[in-house]
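As structure tokens, the structure follows; a few thoughts come after it.
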Ligand SMILES: C[S@@+](CC[C@H](N)C(=O)[O-])C[C@H]1O[C@@H](n2cnc3c(N)ncnc32)[C@H](O)[C@@H]1O
């Protein structure tokens, strides 16, 4: 069956707003959603949803309805994608990514890391997190900055995907890390990547939706919590994140569009967690929060 790309075109801010309007529904349906720049000189961007042929009409109708209030004249366009093995193809095409001291690469680029860099090899397979997305790169950079400033004795990577952030924490010397994901396939991929990077002894893995597992109380409270999920679920989980944070601990959040930054900061300020620093990458923000104001 062919894969279809449904997309709308607009400026960067239009496309970020479209992502915001579509994100929660697409996440519930498990449909990949992406925004990308088409022409820098004209500020032309596209927000795309990838869908199977059989679901095109239903998904197009939902997209149109969700976008109508802000973009009454927008047309959802269609592209039929050629039948290729997208996982292998996308991994082949990926270049190593550098974020702070980290370099993330696939097996075809093993020789790429410089002696001063912290190397992470990722075979993403079906899980999110090759380092190429602005949210992952933002988290990697923020982890590097925080680890330089203080020692963390334990950490939680909530929504671990490929395991890239948990492995980065282990590369920074942490040896008591809990990595969880709602998706059991992601947990399996993350576990494999952790073995590949020889960090398995430092990371415990668990399949869990949010904080619904006894393991969080057993392993916590955490001096550092990293969560690269979307803005809406993060805001819902703000009380649980605050409850599982050790006194004086730090929280790194991403998966947040620049336009959602204030809403997320407000939700976490309500739990006594304050903004310390923001990194901006490709329309996304990565936030560092802590219970200390300075
Ligand atoms: C954007 S990916 C981030 C992956 C990786 N941490 C990174 O930074 O590249 C978000 C991950 O969070 C997981 N996720 C989404 N909602 C979750 C929830 N409520 N509890 C735990 N994991 C969740 C998804 O399955 C996905 O693997």
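Bear in mind that the values in this text are calculations on the coordinates, not laboratory data. All of these numbers come straight from a predicted model, not from anything done at the bench. Because the Cβ atoms are built from the backbone with ideal geometry, glycine has one as well, and the counts that use them run over all protein chains shown.
Helices in the chain, meaning DSSP H runs of at least 4 residues, each add -39500 (n - 2.57). Divided by all residues, the mean residue ellipticity at 222 nm is -10000 deg cm²/dmol. Between 0 and 90 degrees, the angle of helix 56-67 with respect to the longest Cα principal axis of the chain falls at about 80 degrees. One compactness figure for the chain is 1.00, namely its Cα radius of gyration divided by 2.2 N^0.38 Å. In this rough spin-label picture, where each label sits 7 Å from Cα along the Cβ direction, the residue 201-residue 148 distance is 2.9 nm. Spherically averaged projected area of the convex hull of Cα atoms, the range 154-294: 7.9 nm². Rounded if a/c is under 1.5, else prolate if a/b beats b/c, else oblate: with a ≥ b ≥ c from the C-alpha gyration tensor eigenvalues square-rooted, which is the range 3-83? Oblate, because a/c is 1.5 or more while a/b does not exceed b/c.
Relative to the longest principal axis of the Cα atoms of the chain, helix 134-149 runs at roughly 20 degrees. Distance between the 7 Å Cα→Cβ label points at residue 42 and residue 123: 4.1 nm.
In this label model, residue 246 and residue 78 are separated by 5.5 nm, measuring between points 7 Å along each Cα→Cβ vector. The peptide list 183-191, 161-169, put in order of mean Cβ contacts within 10 Å with the highest first, becomes 161-169, 183-191.
For residue 95 and residue 3, the difference between the fully extended length at 0.36 nm per residue and the C-alpha to C-alpha distance is 30.7 nm. If you fit an axis through the alpha-carbon atoms of helix 184-196 and take the longest principal axis of the Cα set of the chain, what angle between them do you get, 0 to 90°, nearest 10? It is inclined by approximately 50 degrees.
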